[in-house]
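Taking it in order: structure first as structure tokens, then the write-up.
Just so it is clear, none of the values below were taken in a lab; they were calculated from the coordinates. Everything quoted here is computed from the prediction, not taken from an experiment. Every residue, glycine as well, gets a Cβ built from its backbone with ideal geometry; the counts of neighbours run over all protein chains shown.
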Amino acid sequence: MKKITIYKVISVVALLLLAFILILPQKYNVNRKQKTDECIRNMSITYDAIKRYMEDRNESFTGTAQDLKRTGYLKATYECPENGVGDKYFMSGDIVTGEIIVRCPHEDKFKDHKLPESLTD
């Protein structure tokens, strides 16, 4: 009969703990809520940058986040965190109507990746 050593017990507990840590976020969408919040925060920052751009220059905005960064209205370019690099936001601003659009490239797949109505009014 084999003895169960303390090292085997610790190894089994550590393995179960690791499996639990890896499965928990996927099972309960813990990371999903964080990514949604980050996407909305990124779009809000971009929205504010476009608004300042239009107020300062008195012209419509048709460009990219890179243009806003280059002109000093953004400190960094932002992307949707869902799928990684290259998921750039769709953005524009019309000085005549005052309408500013910042949309997530994945809003059809992730319905909650939208700016709150209170911000866009």
Straight-line reach check, Lys75, cutoff 13 Å on alpha carbons, 8 or more apart in-chain or any other chain, hits among aspartates and glutamates -> Asp48, Asp67
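Taking neighbour Cβ counts within 10 Å as the exposure measure, how do Val102, Val12 sort from fewest upward?
Numbers: Val102 24, Val12 11.
Fewest-to-most ranking of Val102, Val12: Val12, Val102.
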For the chain, longest principal axis from Cα atoms; helix 6-28 axis from its Cα atoms; angle between them, nearest 10 degrees, is 30 degrees
Labelled set (1) 1.63; (2) 0.96; (3) 1.21; Cα Rg over 2.2 N^0.38 Å computed from this model equals the value at (1)
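How long is the gain from Asn31 to Lys69 if the chain were fully straight, where each residue apart is worth 0.36 nm and the alpha carbon distance is subtracted? Intermediate results must be reported in sequence, preceding the final value.
Numbers: separation 38, 0.36 × 38 = 13.68 nm, distance 2.79 nm.
In short, 10.9 nm is gained.
Suppose only helical runs count, i.e. DSSP H with n ≥ 4. What mean residue ellipticity at 222 nm does that imply for the chain under -39500 (n - 2.57) per run, divided by all residues and rounded to the nearest 500 deg cm²/dmol?
On the way: 4 runs with 61 residues, N = 121.
The helix contribution divided over the chain gives -16500 deg cm²/dmol.
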Note on the chain: contact order normalised by length, alpha-carbon pairs under 8 Å, 6 or more apart, percent, works out to 22 percent
Taking R0 as 22 Å and r as the Cβ-Cβ distance between Lys109 and Leu24, the FRET efficiency 1/(1 + (r/R0)^6), rounded to the nearest 0.05, comes to 0.45
Fewest-first ordering of His106, His113 by Cβ atoms within 10 Å yields His106, His113
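May I ask for the net charge around Tyr73, where only other residues with Cβ less than 14 Å from the Cβ of Tyr73 are counted and Lys, Arg are +1 while Asp, Glu are -1?
Details: positive: Lys51, Arg52, Arg57, Lys69, Arg70, Lys75; negative: Asp48, Glu55, Asp56, Glu59, Asp67.
Its environment carries a net charge of +1.
Could you work out the longest stretch of the chain that avoids the trypsin sites (Lys or Arg not before Pro) located in DSSP loops with at most 12 other Cβ atoms within 10 Å? Can you show the working numbers first?
Working: sites that count: Lys2, Lys3, Lys75, Lys109, Lys111.
Excluding the exposed sites themselves, the longest stretch runs over 4-74.
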